[in-house]
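A short write-up of the structure that comes next.
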Amino acid sequence: MADKPKRKLALRANIWTLRLARQWTRVALLIVGIYVSLPFVAPTLMKLGLEGPARVIYTIYSPFCHQFAFRSFFLYGEQPVYPRANTGMDVTPYE
């Protein structure tokens, strides 16, 4: 009697293995598609005001991303002017 649940579990594992073996390309493409599309979803979520989910995506990708501005695309426009206070330089304008 104790042999029957083990056999049922083994049969279920074999069926799942067979399904994965037949559709491994779909599974791999789904994983790659999610990995590629999430960096485009994060700025969109920020633009829509959903900062929580966007910050989670940014946190997940932070070890994998270079985060240099000259290597990045700005989906919703680059900031045209940076405030002088953010530069940390004590300069006076010519104006």
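The values are calculated or read from the model by the stated rules, or taken from the named source; none is laboratory data. All figures in this text were calculated on a predicted structure; none of them were measured in a lab. In this analysis, Cβ positions are derived from the backbone assuming ideal geometry, glycine residues included, and neighbour counts consider all displayed protein chains.
Could you check, for the range 50-67, whether at least one of its residues is over 20 Å from the mean Cα position of the chain (by Cα), at pLDDT 90 or above and surrounded by 10 or more Cβ atoms within 10 Å (Cβ to Cβ)?
Within the range 50-67, the subset over 20 Å from the mean Cα position of the chain (by Cα) is none.
The answer is no, given that none of the residues of the range 50-67 is over 20 Å from the mean Cα position of the chain (by Cα), at pLDDT 90 or above and surrounded by 10 or more Cβ atoms within 10 Å (Cβ to Cβ).
Check whether at least one residue in the range 20-34 is surrounded by fewer than 10 Cβ atoms within 10 Å (Cβ to Cβ), at pLDDT 80 or above and touching a helix residue (DSSP H, G or I) at 6+ places or on another chain (Cβ under 6 Å), and report yes or no.
No: zero hits.
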